[in-house]
Structure formats: structure tokens, C-alpha cells
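Below is one structure, written out as C-alpha cells; comments come after it.
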Amino acid sequence: MNWSNWIYLGAGIALGIVFDRLFVGSSNVSSSSSLVAPLAQQDMPPISQQLQQTQLAYQMAREMSQFKAGFLARTTHELRSPLNGLIGLHQLILSDLCEDPAEEREFIAQAHERTLKLLKLMDEILSVARTEHGTNKLDIQPRSLAQILEEVHKLTYMLAANRNFPLQLLPVDPEIYILADNLWLRQILISLIDTAITQMEEGSICISSSTIHTNNFVNIWLDVPTHAIPWSEPIDLIKSEEQPTQIDQQNAALSPGMRLLINQTLVEVMGGKLEILPSTIAKEAPQQLTRLQISIPLVIPEAELL
């Protein structure tokens with residue numbers, strides 16, 4: 001073997017050592033990456049789940065924004081109607097259109113009376129706004145659901161009986177306790193029943209409840225005639241054109257739609273939810289009923305937490 005053969009043999013051995021090291025290094029890198037990738041996929045939540053949560057949060061924020069805008073628009077609409085009445089009375093007086101001083105004094109008295117009623121409406125709306133903001137603190141304590149519903153039934157039974165509308169309260173388990181403000185929840189239920197009775201032409205009202213242990217809530221149901229639910233009134237008054245007022249100028253009371261929004265706001269402040277569920281009564285039934293559902297947090301016994 002001459003010297004050139006020795007050179008070729010040495011060069012081949014050197015190249016073999018270099019390629020061997022390169023191959024071993026690349027295999028280690030690929031094996032380590034194959035081990036890291038599954039771990040990263042396990043630690044990182046799926047992109048689809050993140051997108052779903054983001055879409056849900058966006059939808060909830062959008063619905064809340066629309067609700068707040070609708071509440072503000074309806075509040076403005078409710079207060080503007082009696083203000084228009086006041087402006088009309090003052091215009092009659094300032095334009096010297098009164099026949100005599102007695103008529104002028106009568107218009108002034110009417111304007112003063114409407115001003116007081118308007119102030120009462122504003123106080124009622126501001127009270128709800130302060131409660132929602134947290135200025136008016138709620139006394140949320142464990143309350144007996146049976147006791148609250150019995151008190152509501154006693155306070156509204158005669159009101160329904162005077163108009164020949166049966167008001168039925170189904171038995172409630174005395175062991176069920178809910179987390180709520182007693183005064184506010186009672187006021188909400190009375191307001192909903194009173195509004196239904198005012199809007200009713202015929203039919204009956206049934207108060208019942210149902211416990212859902214899976215989500216730790218109690219559903220309070222008010223089954224009322226469908227025509228007594230003020231869901232036909234426009235809620236988004238920002239986009240709608242000027243419409244006739246629903247407020248009685250003499251009584252200056254909040255409209256049924258506004259009361260429904262106020263009650264919905266108060267229930268949400270207590271950690272609950274107020275919904276209008278579609279009728280499940282057959283068409284051939286004597287009356288079509290719609291269910292108002294109030295979901296209130298349930299008090300979980302300590303034994304169930306262990």
C-alpha cells in the first residue's frame with residue numbers, strides 16, 4: 001500500500017466519524033422534541049376551547065351592554081313623558097290661555113301634583129340604581145323560601161280576589177333556604193304579581209317553586225296569563241322612533257316594561273336571574289300561560305359540603 005492509499009483511508013475514517021456524530025445528534029434532538037411536544041400540548045388548553053370561552057365572554061358582555069343601554073333609554077322615556085305634561089301646563093299659563101285666575105290656579109296645582117309624582121318616580125329609579133351600584137347595601141342572608149312565598153301570597157291574595165282572579169300558592173318544602181334580601185325579594189314578587197293582575201283580563205296566577213341541586217339554585221315560578229306579560233313593549237328605545245307613552249298621566253306610574261327591567265336588575269344584584277319562559281300549555285287549554293322564572297341561590301347544608 002503506497003502513501004496515497006493511506007491518505008484515502010485516513011480521510012474516509014475521519015468522514016465516517018463526523019457523519020456518525022451528526023446522525024447521533026440529530027436523532028437526540030428529534031427524540032427530545034418528540035417528548036416535549038406532547039407535554040406542551042397537554043399543558044396548553046386546546047385553541048378551540050379558548051375561542052369558545054372568548055366568544056362566550058364577548059356574548060355576555062354584549063348582552064349586558066345592550067341591557068344597560070335599553071335600561072337607560074327606557075328610563076329616559078319614562079321620565080320624559082310626565083315632563084312633557086308639565087311643559088304643556090306651563091305653556092298654557094305663560095301664553096295667557098287661561099280663561100280666569102281660577103283656571104290658572106288649577107293648572108298650577110296640576111303641575112305641582114305631577115312634579116311630586118315625577119319626583120317619586122325618580123326616587124324609585126335612583127333607589128334601584130344605588131342598589132345596583134352598591135351604595136345601598138343588601139342584607140343577603142339565609143331565608144326560608146316557604147315563609148317568603150307565604151308572606152307574598154298574603155299580601156297579594158286580596159288584590160287578586162277583588163278582581164275575581166284566583167291566586168294559588170303550591171306547597172313549598174319548609175327545609176329549603178335561599179340566599180336573598182328578604183325585603184327586596186318580597187318586593188320583586190309583589191311587583192310582578194301586581195303588574196300581572198293589572199294587565200290581566202281573565203285567568204289565574206299560580207306561585208310554585210323547584211329546587212335544582214345541580215347548579216345550587218331555586219326556581220320561583222309565576223305562571224300568569226300570556227297577555228299579562230309586558231314583553232310586547234319595545235325595550236330598545238334608542239333605535240325605535242318616538243312612540244305613544246305607556247304612562248298614565250294621572251297616576252304617573254312606571255310602565256309594566258320598566259318595572260320588569262327594574263325587577264330583573266334587582267334579581268341580578270342578588271346573584272339571581274329573572275327570565276320569561278315560553279308557554280308550555282296546550283292550545284286547547286282554557287288559558288295560555290307564560291312562566292316568569294326567578295332563580296335564586298340555594299343554601300347548601302353543611303352536611304352536603306362534607
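The values are calculated or read from the model by the stated rules, or taken from the named source; none is laboratory data. What you are looking at is a predicted structure, and each value in this text was computed from that prediction instead of being measured. Quick reminder, even Gly has a Cβ in these numbers, built from the backbone with ideal geometry, and neighbours come from all protein chains shown. The accessibility values were calculated without ligands, DNA or RNA, using every heavy atom of the protein model including side chains. Shrake-Rupley method; radii C 1.70, N 1.55, O 1.52, S 1.80 Å.
When the expected Rg is taken as 2.2 N^0.38 Å, what fraction or multiple of it is the alpha-carbon Rg of segment 106-221? Don't skip to the answer; put the middle values down first.
On the way: Rg = 17.8 Å, N = 116, 2.2 N^0.38 = 13.4 Å.
In units of the 2.2 N^0.38 Å rule of thumb, it is 1.33.
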Roughly speaking, to the nearest percent, how much of segment 164-215's 1.4 Å accessible area is carbon and sulfur? 50
Tell me, what ³J(HN,Hα) does each residue in segment 125-142 have, in order and in whole Hz, if you take phi through Karplus 6.51 cos²θ - 1.76 cosθ + 1.60 with θ = phi - 60° and put x for Gly and Pro? 5, 5, 4, 5, 5, 5, 5, 5, 6, x, 5, 8, 6, 8, 9, 8, 9, x
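What FRET efficiency do you get for Asn164 and Thr211 if R0 is 25 Å and r is their Cβ-Cβ distance, rounded to the nearest 0.05? Walk me through the numbers before you get to the answer.
On the way: r = 33 Å, r/R0 = 1.31.
For R0 = 25 Å, the calculated efficiency reads 0.15.
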Modelling each spin label as a point 7 Å along the Cα-to-Cβ direction, I'd like the Glu202/Asp96 distance in nm, to one decimal. 5.8
By how many nm would the segment from Leu277 to Ile108 grow when fully extended, if each residue of separation counts as 0.36 nm and the alpha-carbon distance is taken off? 56.2 nm
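Taking only protein heavy atoms into account and a 1.4 Å probe, give the accessible area per residue of segment 84-190 in Å².
Details: 6950 Å² over 107 residues.
Accessible surface, normalised per residue, equals 65 Å².
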Using only protein heavy atoms and a 1.4 Å probe, report how much of Asp223 is accessible, in Å² to the nearest 10. 20
Quick one: accessible surface of Asp173, probe radius 1.4 Å, all protein chains present, in square angstrom to the nearest 10. 80
